[in-house]
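Notes follow the structure.
Laboratory data are not the source of any read-out in this text; all were calculated from the coordinates shown. Keep in mind that what you see is a predicted model, and the values were worked out from it rather than measured. No Cβ is skipped: glycine too gets one built from the backbone with ideal geometry, and neighbour counts run over all protein chains shown.
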Amino acid sequence: MNLLNFLSDAIALFFMWLFIRAAIHKLQTDNGEYYQQTFADYGVTQTKLASALRYTLGSLELVIAVALIFDGSRTSASIVAALLLSAYLIGMTIQLIQGKRDISCGCSGPNSHIKVSWSLIIRNALLVPLVLTCTMPSAGFASSLWFAVLMTGAFLILTYSCIENLVANAQKISILRTN
């Protein structure tokens, strides 16, 4: 067992959680209006196209999440995930360059109030190479390792959640300072 193989498993679990979470937000019927507005902010103003895009992205995220767990599909899923995260990064970057700073990033669904920002650009820029580490083979199914893999994956999830909350709080503080 190699440390990189161990990390590949833990990081795959983290991204499985991240993409399942994203897929659930997009595929929930109640979130249709939120994503309709989010896609309109990004320039997709046709209702049918935005709806199709929401379901397509949500389904793709779900497929990526499942595929990351299996050795046979992990490499392909990692590459597709990196491309998708890069597309999100490019979309947010374009919005910032155009001066659109008051639009939702669409990252965490309607209950999140995180706006497009350079912090999110940096986050996604870090997530892209991180997901590519999942191209390493799995460490295998030794039961003694899976507890450590699960704990490392949980640590990555908690770290990501803390960073997401820090970004949200920094944006709220910035709004309070300007008022």
Backbone N within region 162-176 under 18 Å of label point (7 Å from LEU96 Cα along the Cβ vector): 163-175
How about LYS48: which lysines have a C-alpha closer than 30 Å to its C-alpha, ignoring those fewer than 8 places off in the same chain? LYS26, LYS100, LYS115
Counting helices only, and only those DSSP H runs with n ≥ 4, report the 222 nm mean residue ellipticity of the chain as the sum of -39,500 (n - 2.57) divided by its residues, in deg cm²/dmol to the nearest 500. -26000 deg cm²/dmol
Only Cα pairs under 8 Å and at least 6 apart count here; give the relative contact order of region 3-178 as a rounded whole percent. 33
Report relative contact order for region 100-179 in percent, whole number only (criteria: Cα-Cα under 8 Å, sequence separation at least 6). 31
For region 85-124, shape from the Cα gyration tensor axes a ≥ b ≥ c, cut at a/c of 1.5 then a/b versus b/c, turns out oblate
Chain lengthening between ASN5 and THR56 when straightened (0.36 nm per residue, less Cα-Cα): 15.3 nm
Taking every alpha carbon pair in region 3-178, what does the distance histogram look like in 5 angstrom bins from 0, in percent? 1, 8, 16, 20, 20, 15, 10, 6, 3, 1, 0
Net lengthening on full extension, TRP118/LEU83 (0.36 nm per residue, minus Cα-Cα): 10.7 nm
How far is it, in nm, from the label point at ALA125 to the one at THR29 when both lie 7 Å from their Cα along the line to the Cβ? 4.2
With label points set 7 Å from each Cα along the Cα-to-Cβ direction at VAL63 and ALA170, the distance between them in nm comes to 3.5
Taking square-rooted eigenvalues a ≥ b ≥ c of the alpha carbon gyration tensor, is region 60-117 rounded, prolate or oblate, where a/c under 1.5 means rounded and, failing that, a/b exceeding b/c means prolate? oblate
